[in-house]
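The values are calculated or read from the model by the stated rules, or taken from the named source; none is laboratory data. This structure is a prediction, so every number in the text was calculated from the model and none was measured. Here the Cβ positions follow ideal geometry from the backbone for every residue, glycine too, while neighbour counts run over all protein chains shown. What goes into the accessible areas is simple: the full protein's heavy atoms, side chains included, and nothing from ligands, DNA or RNA. Shrake-Rupley method; radii C 1.70, N 1.55, O 1.52, S 1.80 Å.
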Amino acid sequence: MNNDLNLNNIDTLGSLLAQIKDLTDQADAIKDAIKESASAGGDKVVEGVLFKATYIESNRTVFDKEAFIKAFSAEAYAKYTKVSAVFSVKVTSR
C-alpha cells in the first residue's frame, strides 16, 4: 500500500461514492416517474420552482457487433477496432 495515501481518504472516497449511488437512485426513480407519466399521456414538461424537466422521445441506433462478425468476419471487425489502455479505481466495502 502506498504510504502517501491517507487511509481516511479511501474511506472518504467510499463514502462519497455510496452517497452518489443513493442520490443517483433517487434521481432515476424521479426520472422513471416522469417518463411513465409522460408516456401515458401526461405532461411532457414538468416545472418546479427552480428547475424544469422535459420528457424527450428519440431513436437510438446501436451497432450489432456479433451480427456484423457473423455476416463478414472477425478480421474485418478487428481491422476497424481500436484498443486503448484504461485505468480505473474500484472501491468496495471491507
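What to note about this one:
- Rounded to the nearest 10 square angstrom, residue 20 shows an accessible area of 100 square angstrom against a 1.4 Å probe.
- In a DSSP loop and with at most 15 other Cβ atoms within 10 Å, the GluC sites (Glu not before Pro) in the range 38-74 are 57.
- Accessible area (Å², 1.4 Å probe, nearest 10) - residue 7: 100 Å²
- Remark: relative contact order (the chain) = 23 percent; criterion is Cα-Cα distance under 8 angstrom and separation of 6 or more residues.
- The listed residues 86, 49, 91, once ranked by accessible area (1.4 Å probe) with the largest placed first, stand as 49, 86, 91.
- Compactness of the chain as Cα Rg over 2.2 N^0.38 Å, two decimals: 1.77
- The chain: most fluctuating residue of 67, 18, 40 per GNM, C-alpha cutoff 10 Å: 67
- In order along the range 23-29, the Karplus-derived 3J(HN,Hα) couplings, from 6.51 cos²θ - 1.76 cosθ + 1.60 at θ = phi - 60°, round to 5, 5, 4, 5, 5, 4, 5 Hz, and Gly and Pro are given as x.
- 222 nm mean residue ellipticity, helices alone, for the chain (DSSP H n ≥ 4; -39,500 (n - 2.57); rounded to 500): -16000 deg cm²/dmol
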